[in-house]
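**Q** Pasting in a structure now, in structure tokens, and then I'll have a few things to ask.
The values are calculated or read from the model by the stated rules, or taken from the named source; none is laboratory data. Note that the structure is a prediction, hence the values are computed from the model and not measured. We place every Cβ from the backbone using ideal geometry, glycine too, and count neighbours over all the protein chains shown. Surface accessibility is based on the protein's heavy atoms, side chains included, excluding ligands, DNA and RNA. Shrake-Rupley method; radii C 1.70, N 1.55, O 1.52, S 1.80 Å.
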Amino acid sequence: MGRVWGCCLLSVLSRFLLLRGCDGNITVAVMLPDNHHKYPWALPRVFPAIAMAHEDLHAKHRLLIGRSINILNFSTEDPLAGSCAVSRAQVVAVDAKLYIRPDAFFGPGCVYPLASVGRFASHWKLPLITAGGPAYGFDKRDEYRTIVRSGPSTTKLGDFANVLHTHFNWTSRAVVIFHDLRQDDRPHYFLSEGIYLKLKEEMNITVEAQPYEDDFKYYKELITFMKERGRIVYICGPLDTFLNIMKLFQSDIQDPENYAIFYLDVFAESLTESKPWQNTASDWDDLIKVFKSVFIITYRPPDNPEYKDFQRRLHARAQRDFGVHLEPSLMDYIAGSFYDGFVLYARALEETLAEGGAQNDGINITMRTQNRQFWGVTGLVKTDHKNARDIDINLWAMTNQTTGEYGLVAHYNGTTKEIIWSQTERIHWPTGGPPLDNPPCVFSTDDPSCNDGHLTVLGIVAVGSGLALIIFGISSFLIYRKLKLEKELAGMLWRIRWEDLQFESPNKYNKLVGSRLTLSQRGSSYGSLITAHGKYQLFAKTGYFKGNLVAIKHVNKKRIELTRQMLLELKHMRDIQFNHLTRFIGACIDAPNICIITEYCPRGSLQDILENESINLDWMFRYSLINDIVKGMNYLHNSYFSCHGNLKSSNCVVDSRFVLKITDYGLTSFRSSCENDESHALYAKIVQKVRNGQKPYFRPTTDNRCHSEELTILMEGCWAEDPAERPDFGHIKIYMAKLNKEGSTSILNNLLSRMEQYANNLENLVEERTQAYLEEKRKAENLLYQILPHSVAEQLKREETVQAEAFDSVTIYFSDIVGFTSMSAESTPLQVVTLLNDLYTCFDAIIDNFDVYKVETIGDAYMVVSGLPVRNGKLHAREIAGMSLALLEQVKTFKIRHRPNDQLRLRIGIHTGPVCAGVVGLKMPRYCLFGDTVNTASRMESNGEALKIHVSSATKEVLDEFGYFDLQLRGDIEMKGKGKMTTYWLLGEKTDVYVI
């Protein structure tokens, strides 16, 4: 069969023989299976990634410029079985070596084909790069000298297990259970062997392994095996078989809380809806109770922005080149690792060629991939001395005991070999703590304490009585503490109703709400967010609670579910009383006004102080602020909360006594997990450079002219790349005490002496600022009066709500310019704007002589009303009529700058009737009119004629009462939406009539 495949390949391979004749050509053979449903390293998933890396090589990575790379792909799959075939992989590799003489192999991904081809590649001294093949055996460098693994391996899973066991002090026993049908590629066997071997060889733990197949009898044997062999259990197998095991575990195990079960689901197939137990049968007694002891181990998906773009391109290319639709999943991580593997190979090859090496020198190229580090599409790519990549791993646990939802409780950093525990989620152990891996008198009875003693009856009674008394005393004390705690939790003394908060001073001062102000005008309470322009701060809202000014921070949640953990956090927050932490007053959970209420610090935040150029911080001021921060953080680190988690200059605030206090600490479960902090976006480049960890490390610059050299040393120690080298706040407190021996004078005394220096010119400064403020106030009021009617503007200034109002009779004027559209088409934009500006400036000067209000101008349309907001009886018709005649007279002599020989042809319409008016909008508020009268007035204008004033019969009736307007009957006019209307022309005023 193998030779048949070889003959079929021969015709394909022969087409590429000529490629080797070109200088600078590099040939890469990609060997992978076809079944993308079964294998994460299948050709439709991986080959598009390799092709993308090839395309990005020159332009993006600046590698191998001037050289071309030919990439050929071959299937290593048995087409009948739909699985990896060792024999086919061997034939493909040998034929490729004979006919196309590749410089490197990529793949295979399956373990057994990789082992075979890997031995060939080592013999031929050709590099073989793969992101598959997780087996432990590939660590043997004497046998697989040229294999480079750019993806996850079982060895790294074993490293994670070692760190996990060390953290929980599991040093005695463990059990590994894996699904194995002893056919195909045995994925679960190879995935779990790293944990088995690492725990056994490096930690000297008694580890026992047990395979199982798809049969109920094997499940029964597994439960017995767990009972007899271990309490820390690793299970690796398909999700359906794992759930069947857990169902039997529930019925046969009486103490599931004494077990810790880790399910190896590296591609997170069980976490699709964050509830691994959701697809189980409905006849389970208590699913959530059983799965409280179950943890999920997965690969950690890359979180860099480039990976998201890579996924999008990968899926599009797989659809285009292979007709395969891929859904986003952790399997894309394997494709991304092949992409990074191609870049890693190109880097090593370029270095080899630069030093005069050959492009097929696999030994030299492979050595250059050892202990390498660079940033790829899957994040940080770092290889060890065995050419295996360090990987990150996620640990999931049931974080919601009510819904059974799983959350990320920790992740393992493969580069630093440490576990980073979540700041917001934690493991809820059923017994309050991790189970013992070797409980006394369970797996071994050799301990004398496990044997029956020979105490006398009296001794037994005495010992029993003593123990009972001790237990009773301890229990009573614990029960008392428990009841006291429960009473405090149930009392919810922290709760504040929204109605109890006032947003107006009890002394009738102006409302104190958050606003944009400079620091010189007003300080902030906390949470100061600098804007993109860096000139202003957005302060937290403030209000009054029980007569005291407090800071209010809203939480971006629709509702609050008071879990026990949250109640404990609120209780501990209320208990904290420390001079350098803002005092927690309470919290409001009345939707939608969910917020946290804390002490208000009027002097602003540290960020405000540092950014205000008018404040000159001398050394005493600086040291005082630093000492306050250190004291606050040292207290916080030794408290229930143990850390801050979001410390920055904007939540270091200064109270009225110039004491710096730290805020925004604690309440991690209360605060929203999706709060937006726009200030982080300003520093995202900076954060990325620090995370890169590339030498020289990206750090701020220091200037010894601004502070002492000792303080520089302390700062640089806090910025150390190795966390173990950074001092904690206890050490920083001692260090600062040594530096600040001379600075014993309080900051308040320092400020008082400074105030004495400013006393002489303070009055002049205040007067100058006051005059500047009054001038700006006058300008603002003038602008407001131009935008809104005077009476409406006065109401807004008094912070009164402007109510919509109905008016029984007003007169509305509409006008536009006939032929304006064609004139605009023949003019430049600047000429059009200049024309309208000249015209409406002229109109605005004229209407000031009448009791009217200009509503708005839209293009060439001009709208004016009389009779509102101040009612004027029936004079509104007279005022509009007189204004119309004045405007018409003026437009006849109006000169157009760019067309001096043309005359503007104004068309005017007037109508009288009832309207409703009110202020609309917050940004650029407008005083708008509504009602049929507005529409009719617009129709009067549009159905009029140039240089004429079109008047409705309603307006004529009012004008007739004055007796001095000359009107001419136009007749019945058909108007859209109105039918026939009798209308008139306003010709002018009668000269022989005198008005008294």
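**Q** Where does each of 44-57, 75-88 land if you order them by average Cβ count within 10 Å, highest first?
**A** Numbers: 44-57: 22.1, 75-88: 18.8.
Taking the mean over residues of other Cβ atoms within 10 Å, the ranking is 44-57, 75-88.
**Q** Continuing with this model, one more query. Evaluate 2.2 N^0.38 Å with N set to the residue count of the stretch 124-226, then give the Cα radius of gyration divided by it.
**A** 1.23
**Q** Determine the sum of side-chain charges near residue 961: Lys and Arg each +1, Asp and Glu each -1, restricted to other residues whose C-beta is under 12 angstrom from that of residue 961.
**A** Here the count lands on +1.
**Q** Set Lys and Arg Cβ to +1 and Asp and Glu Cβ to -1, take the dipole of the stretch 871-996 about its Cα centre, and tell me which of 882, 910, 925 lies farthest positive.
**A** 925
**Q** Show me 164-176, 833-845 ranked by packing, highest mean number of other Cβ atoms within 10 Å first.
**A** Per-residue mean Cβ counts within 10 Å order the peptides as 164-176, 833-845.
**Q** To continue, here is another question. For the stretch 229-275, just the Cα atoms, rotate onto the principal axes and tell me the three extents in Å, largest first.
**A** 29, 18, 17
**Q** Separate question: Would you mind counting up the charge near residue 845? Only other residues with Cβ under 14 Å from its Cβ, with Lys and Arg at +1 and Asp and Glu at -1.
**A** For residues surrounding residue 845, the net value is -3.
**Q** To continue, here is another question. Please list 468-476, 870-878, 724-732 highest first by mean number of surrounding beta-carbon atoms within 10 Å per residue.
**A** In descending order of packing, they fall as 870-878, 724-732, 468-476.
**Q** If I compute solvent accessible area with a 1.4 Å probe over the protein chains, what percent of it on the stretch 70-114 is carbon and sulfur?
**A** Here it works out to 52 percent.
**Q** Can you list residues from other chains, or at least 5 along the same chain, whose modelled amide H is less than 5 Å from the amide H of residue 911?
**A** Those qualifying (amide H under 5 Å, at least 5 residues apart or on another chain) are 812.
**Q** Rounded if a/c is under 1.5, else prolate if a/b is larger than b/c, else oblate: which is the stretch 14-165, with a ≥ b ≥ c the root eigenvalues of its Cα gyration tensor?
**A** prolate
**Q** I'd like to check one number: the per residue accessible area of the stretch 169-321, probe 1.4 Å, reported in Å² as a whole number.
**A** 45 Å²
**Q** Okay, next question. Can you report the principal axis dimensions of the stretch 202-263 using only the alpha carbons, biggest first, rounded to whole angstrom?
**A** On the principal axes, the stretch 202-263 reaches 33, 24, 18 Å in Cα extent.
**Q** Pairs to check: 198/382; 948/980; 956/980; 247/275. Give those whose C-alpha atoms are more than 26 Å from each other in this structure. Display every interim value, and only then the final one.
**A** On the way: 198/382 20 Å; 948/980 20 Å; 956/980 16 Å; 247/275 15 Å.
Distance filter (> 26 Å) returns an empty set.
**Q** Taking a label point 7 Å from the Cα of residue 489 along the Cα→Cβ vector, which residues of the stretch 557-590 have an amide N closer than 17 Å to it?
**A** What the label zone holds, given the 17 Å backbone N cut-off, is 561-575.
**Q** Turning to a different aspect of this structure: Could you work out the equivalent-ellipsoid semi-axes for the stretch 804-884, taking the square root of 5 times each eigenvalue of the Cα gyration tensor, largest first, in whole Å?
**A** 29, 12, 10
**Q** Ok, one more. Taking the stretch 846-937 on its own, what percent of its Cα-Cα pair distances exceed 18 Å? Please list the in-between numbers first.
**A** On the way: 2199 of 4186 pairs.
In whole percent, the share of Cα-Cα pairs in the stretch 846-937 beyond 18 Å is 53.
**Q** Same structure again: Report the charge-dipole magnitude of the stretch 197-288 in Debye, nearest 20, computed about the Cα centre from +1 at each Lys and Arg Cβ and -1 at each Asp and Glu Cβ.
**A** The calculated dipole for the stretch 197-288 is roughly 260 debye.
**Q** If you don't mind, there's one more thing I want to ask. Dimensions of the stretch 883-930 along principal axes (Cα, Å, largest first)?
**A** Each principal axis gives a Cα extent; for the stretch 883-930 these are 43, 29, 13 Å.
**Q** Where Rh is the Kirkwood radius over the Cα pairs of the stretch 388-450, the temperature 37 °C and the viscosity 0.692 mPa s, what D in µm²/s does Stokes-Einstein return?
**A** 225 µm²/s
**Q** Residues with beta-carbon under 11 Å from that of residue 896, excluding residue 896: net charge, scoring Lys, Arg +1 and Asp, Glu -1?
**A** Its environment carries a net charge of +1.
**Q** A further question follows. Sorted by accessible area (1.4 Å probe), largest first, how do 648, 38, 980 line up?
**A** 980, 38, 648
**Q** Hey, another quick one. Using a 1.4 Å probe, how large is the accessible area of residue 196, given in Å² and rounded to the nearest 10?
**A** Approximately 60 Å² of residue 196 is accessible to the 1.4 Å probe.
**Q** Additional query: With a point put 7 Å past each Cα toward its Cβ, work out how far residue 687 is from residue 593 in nm, to one decimal.
**A** Calculated label separation equals 3.3 nm.
**Q** For the stretch 207-317, what's the radius of gyration and Dmax over Cα atoms, in angstrom?
**A** For the stretch 207-317, the Cα radius of gyration and maximum Cα-Cα distance read 16.7, 52 Å.
**Q** Let me ask something additional. Summarise the accessible area of the stretch 296-393 (1.4 Å probe, protein heavy atoms) by the percent that is carbon and sulfur.
**A** 48 percent
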